[in-house]
Amino acid sequence: MARDEVFVKPTVKEVHFEIRFPNLFYMESKIGDLQVRIMEKFPESKLILQHQVLLADTGLGGKIQPPPDLGDSEAVSKIWSFKSGTGVEVVVRSNSLGIVSRKHKTYSNPSSEEKFRDMVEFVVSNFIGVTAIPVIKRIGLRYIDECPILKMNNIEFQEWYNTTFPLTRFNLCDAREMAFQTTVRRGEYFLRFSEALTKKNEPYILVLDFDGFAEEIKPMLYLEVTDNLHSLISDEYALSIKEPVRAFMRQPKIGTNGQI
């Protein structure tokens, strides 16, 4: 499947990007500078205080209390959220930065003005410019696709998908749920793949979840590694679907335009 093909009804619903790094104790002092740099694209911002909860069995009538050495600053972690107002959110913690998009339907298609790669480059380049992180412990890129199932029978399903389901043993029409998951190495990278039969409202759909990641990356190489992860995911997606799915995505749908 050509990566530059434009689809009217793409199956991708969410795209996630994340970098993880050692805890930055000075993160709070840098957030204002990051906010100013990305404010044009992410005007909505808020601080979220996440409280740590200790669950302990203290016996009948006992009380749950935090450990004596857990101070207020340690009991609460801060999360900074920046939203575009159009379906994209940046979430920053002391040890990670994430981007979640329900808007982007293409990673780097040259014919689109809304490329997820451009968003990653804009956010991460500004973040590195502000924080000067010396190492990235992990980079992850994840695509979640919701794919159609027009008929719940083995023959047509296998005409549409190169499935991992054991359909020679379990018939699709008898299934209430079905799922497969694996994490494998792909060269110097890793891929977590899951396939799940899910009922959304009334019809069943097939959820394909591709989560590619790399470990111990030099910050200057973040975009190159993300490009490679996208290629890995794109290849796996192409192996998961067959021509009827592509034909379904090419069908006209008034008022939409999507790419993969």
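The values are calculated or read from the model by the stated rules, or taken from the named source; none is laboratory data. Owing to the predicted nature of the structure, the values given are computational and were not obtained by experimental measurement. So basically every Cβ, Gly included, is an ideal-geometry build from the backbone, and we count neighbours across all protein chains shown.
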Just one of Val123, Val76, Val92 is in contact with a Leu (Cβ under 8 Å, 6 or more places away or on another chain) and loosely packed, with under 15 Cβ neighbours inside 10 Å; which is it? Val76
Subset of the stretch 174-220 [farther than 16 Å from Leu239 by Cα and under 16 Å from the mean Cα position of the chain (by Cα)]: Thr183, Phe190, Phe213, Ala214
Name the pairs whose Cβ atoms lie under 7 Å apart, with the first residue in the stretch 223-243 and among the hydroxyl-bearing types (Ser, Thr, Tyr), the second part of a helix (DSSP H, G or I), and 6 or more positions between them or separate chains? Thr226/Val120
Taking the stretch 118-136, which residues are among the β-branched types (Val, Ile, Thr), over 18 Å from Asp227 (Cα atoms) and either outside any helix (DSSP H, G or I) or touching a Ser or Thr at 6+ places or on another chain (Cβ under 9 Å) (or both)? Ile133, Val135
Is it the case that the stretch 52-65 has a residue that's modelled with pLDDT under 95, hydroxyl-bearing (Ser, Thr, Tyr), more than 22 Å from the chain's Cα centre (by Cα) and in a strand (DSSP E or B)? no
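Would you point out which residue out of Ile19, Ile48, Ile31, Ile38 is at pLDDT below 95, surrounded by 11 or more Cβ atoms within 10 Å (Cβ to Cβ) and under 30 Å from Phe127 (Cα atoms)?
Working: Ile19 fails: at pLDDT below 95; Ile31 fails: at pLDDT below 95; Ile38 fails: at pLDDT below 95.
Within the list Ile19, Ile48, Ile31, Ile38, the selection yields Ile48.
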Out of (1) at pLDDT 95 or above; (2) closer than 25 Å to Lys46 by Cα, the one Glu114 does not meet is (1)
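Listed here are the residues, each with its yes/no results for (1) surrounded by 14 or more Cβ atoms within 10 Å (Cβ to Cβ); (2) farther than 30 Å from Leu97 by Cα.
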{"residue": "Cys147", "(1), (2)": "yes, no"}
{"residue": "Phe157", "(1), (2)": "yes, yes"}
{"residue": "Phe165", "(1), (2)": "yes, yes"}
{"residue": "Thr182", "(1), (2)": "no, no"}
{"residue": "Arg192", "(1), (2)": "yes, no"}
{"residue": "Val225", "(1), (2)": "yes, no"}
Does Ala175 satisfy the criteria of being over 18 Å from Ile217 (Cα atoms), of a type in the set (Gly, Ala, Ser), surrounded by fewer than 18 Cβ atoms within 10 Å (Cβ to Cβ) and free of Cβ contacts under 8 Å to residues at least 24 places away in the same chain? yes
